[in-house]
Amino acid sequence: MTTAPQHNQFEQPIGRSIEGWQPCALPPHTAMTGSHCQVEPIDPAKHAKDLFEGNRVAAAGERFTYLATEAFEDIDSYRTWLESMRGPDPMLHAIIDLASGKAVGIAAFMRIDTTHGVIEIGNINYTPALSQTVAGTEAMYLMMKRAFDELNYRRYEWKCDDQNAPSRAAATRYGFVYEGTFRQHMVYKGRNRDSAWFSITDLEWPLVRAAFEAWLAPENFDANGKQVKSLQNLRKELATA
């Protein structure tokens, strides 16, 4: 349990003591199931066809601009890449739409630091069928819930190219806190990347979780499936309740 800030014997301020801290376990190779989607470890033989075809619906590969790879030209090369992402780090997951039974997106646990309880969500690629859906939001909730509630991680990270406005907006919507931009953080695809860093801590998670659960509740959607309250507004309301 995290306690209040304190001072050492020299009266110097030091960080909060963490009573009984033990390193975290790696994420298990088991599925996370919600009301709209299931998030399960990637199985190229099972998921590659759906994901490849789902990405081909989008025009010209623009969804890969800020990813480490370009759009894949054929399913064999895509399947080979999926095989390389099966873990333990990165541990890629497929997001399954429960209504259709199809894999419609991917996301990975990565840069996993079990010693300090830090884990990152990355390699997120939603096909058009998953973008801006309840299932897409639920998938992020399920992965956070595993990290914090099941595995007791202390810090959950989101990093993206600083130029990637949709990713920055998604991080803010989900409840991540912007921490700053690491300038000239890496080179990819022959260009510079300044990386924007975001995080959610275990102290922030209860509010973030409550907002997700309120947003995902059936009563938060009208007869046309439109949200009644946004995720951001629900967080604000809960924070002041």
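The values are calculated or read from the model by the stated rules, or taken from the named source; none is laboratory data. If you're wondering where the values come from, they're calculated on a predicted model, not measured in any experiment. FYI the Cβ positions are ideal-geometry reconstructions off the backbone, even for glycines, and counts take in every protein chain you see.
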- Residue pairs meeting the criteria (Cβ under 7 Å; at least 6 apart or on separate chains; first closer than 21 Å to ARG154 by Cβ and surrounded by 13 or more Cβ atoms within 10 Å (Cβ to Cβ), in region 15-39; second modelled with pLDDT of 95 or more and of a type in the set (Ser, Thr, Tyr)): CYS24/THR114; CYS24/TYR153; LEU26/THR114
- Return the total of residues in region 105-153 being within 22 Å of GLU204 (Cα to Cα) and of a type in the set (S, T, N, Q). 4
- Hits in region 126-135 - residues which are crowded, with 22+ Cβ neighbours inside 10 Å, closer than 24 Å to SER195 by Cα and either free of Cβ contacts under 8 Å to residues at least 12 places away in the same chain or of a type outside the set (Val, Ile, Thr) (or both): TYR126
- Query: Going through region 26-65 one residue at a time, which ones are out of contact with any Leu (no Cβ under 6 Å at 6 or more places or on another chain), among the aliphatic types (A, V, I, L, M) and not in a helix (DSSP H, G or I)?
  - Reply: LEU26, ALA31, VAL57, ALA58, ALA59, ALA60
- Message: Considering only region 193-210, I want to know if a residue exists there that is of a type in the set (Ser, Thr, Tyr) and within 23 Å of ARG86 (Cα to Cα).
- Response: no
- Query: When you go through ALA99, ALA147, ALA139 one by one, which is the residue that is outside any helix (DSSP H, G or I) and modelled with pLDDT of 95 or more?
  - Reply: ALA99
- Looking for whichever is out of contact with any Asp or Glu (no Cβ under 9 Å at 6 or more places or on another chain), crowded, with 19+ Cβ neighbours inside 10 Å and aromatic (Phe, Trp, Tyr) here; the options are TYR156, TYR178, TYR174. Which one fits? TYR174
- Among PHE109, PHE72, the single one that is touching a helix residue (DSSP H, G or I) at 6+ places or on another chain (Cβ under 6 Å) and either surrounded by 17 or more Cβ atoms within 10 Å (Cβ to Cβ) or at pLDDT 95 or above (or both) is PHE72
- Task: Mind listing just one residue for me: the one in region 214-232 that is part of a helix (DSSP H, G or I) and in contact (Cβ under 8 Å) with a residue 24 or more places away in the chain and, of those, surrounded by the fewest Cβ atoms within 10 Å (Cβ to Cβ)?
- Result: GLN232
- Checked region 66-75 for anything part of a loop (DSSP other than H, G, I, E, B) and either in contact (Cβ under 8 Å) with a residue 60 or more places away in the chain or of a type in the set (A, V, I, L, M) (or both); matches are TYR66, LEU67, ALA68, GLU70, ALA71
